[in-house]
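Below is one structure, written out as structure tokens; the observations come after it.
The values are calculated or read from the model by the stated rules, or taken from the named source; none is laboratory data. All values reported here derive from a predicted model rather than from experimental measurement. Note that each Cβ is placed from the backbone with ideal geometry, even for glycine, and that neighbours are counted across all protein chains shown.
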Amino acid sequence: MATALVGIIMGSTSDWDVMQNCAQTLDQLGVPYEKRVMSAHRTPDLVIDWARGADARGLKVIIAAAGGAAHLAGVAAALTPLPVLGVPMESASLKGLDSLLSMVQMPGGIPVATFAIGKPGAVNAALFAAATLALSDAKIKRALEDYRAAQSKKVAEAKLP
Ligand code: RP5
């Protein structure tokens, strides 16, 4: 198994239904990743250990998904020099607006690159992580070019009923 380059973390197993789209996109692009459930408030020590060790383990990008008071991405960003991409999860009461604002409104100094709520954000975080890796990896760059070409072809050839 190739060494993971992307670390996907999420606050709950309930986030996996959406975040599997992130993992599948990385699979499609041939980007090795690890995925873990950990919570900034339910398992704070696990988040600290995992995020502090991420750089040394060889990870290059972290994708963090959480819902509600979605502080997982910000906490992870505070603990690592690696870029952290945040994916806000849709919440039951506020439809993910709470998650989005929690992630995107990081005070200056510790950035979290925040994506769209739910599945589009999960997919785009994977694509963005791959684009970051593609700066120094020709194979991933080609995979991204192929992904875009296939996407363009699908739209161009779409038939309406
Ligand atoms: C967050 O709380 C998780 O990221 C999840 O989106 C949300 C709800 O978690 P569960 O109550 O479903 O475990 O920490």
Check: If you go through segment 70-97, how many residues are assigned to a loop (DSSP other than H, G, I, E, B) and of a type in the set (A, V, I, L, M, F, W, C)?
Finding: 4
Checklist line | Tabulated pairs, segment 38-52, first closer than 12 Å to ALA66 by Cα, second surrounded by fewer than 15 Cβ atoms within 10 Å (Cβ to Cβ) and acidic (Asp, Glu), C-beta under 7 angstrom, 6+ apart or interchain | finding: none
Next item on the list: Of all residues in segment 15-69, count the ones that are near the ligand (Cβ under 10 Å from one of its atoms), assigned to a strand (DSSP E or B) and among the hydrophobic types (A, V, I, L, M, F, W, C).
Entry: 4
Margin query: List the residue pairs whose Cβ atoms are under 9 Å apart, where the first residue sits in segment 132-161 and is within 12 Å of VAL31 (Cβ to Cβ), the second is exposed (fewer than 12 other Cβ atoms within 10 Å of the Cβ) and of a type in the set (A, V, I, L, M, F, W, C), and the two are 6 or more positions apart or on different chains.
Written below: LYS141/LEU135
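Could you run through segment 1-14 and say how many residues are out of contact with any helix residue (DSSP H, G or I) (no Cβ under 8 Å at 6 or more places or on another chain) and either within 15 Å of the ligand (Cβ to nearest atom) or without any contact (Cβ under 8 Å) to a residue 24 or more places away in the chain (or both)? Explain how you work it out, then say what you get.
Going residue by residue through segment 1-14, those that are out of contact with any helix residue (DSSP H, G or I) (no Cβ under 8 Å at 6 or more places or on another chain) are 1-4, 12-14.
Applying the additional criterion that residues be either within 15 Å of the ligand (Cβ to nearest atom) or without any contact (Cβ under 8 Å) to a residue 24 or more places away in the chain (or both) yields 12-14.
Number satisfying all stated conditions: 3.
Condition test on ALA76, is it within 11 Å of the ligand (Cβ to nearest atom) and either surrounded by fewer than 21 Cβ atoms within 10 Å (Cβ to Cβ) or within 13 Å of the chain's Cα centre (by Cα) (or both)? I'd like the intermediate steps shown before the answer.
Working: within 11 Å of the ligand (Cβ to nearest atom): no; either surrounded by fewer than 21 Cβ atoms within 10 Å (Cβ to Cβ) or within 13 Å of the chain's Cα centre (by Cα) (or both): yes.
It is false that ALA76 is within 11 Å of the ligand (Cβ to nearest atom) and either surrounded by fewer than 21 Cβ atoms within 10 Å (Cβ to Cβ) or within 13 Å of the chain's Cα centre (by Cα) (or both).
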Check: Residue check: is VAL75 at pLDDT 95 or above, closer than 28 Å to LYS141 by Cα and of a type in the set (Val, Ile, Thr)?
Finding: no
Next item on the list: Check THR114 against each of (1) without any contact (Cβ under 8 Å) to a residue 40 or more places away in the chain; (2) out of contact with any Lys or Arg (no Cβ under 6 Å at 6 or more places or on another chain) and name the one condition it does not meet.
Entry: (1)
Item checked: Selection count where residues are under 12 Å from the mean Cα position of the chain (by Cα), more than 14 Å from the ligand (Cβ to nearest atom) and surrounded by 18 or more Cβ atoms within 10 Å (Cβ to Cβ), scope segment 79-111 -> 2
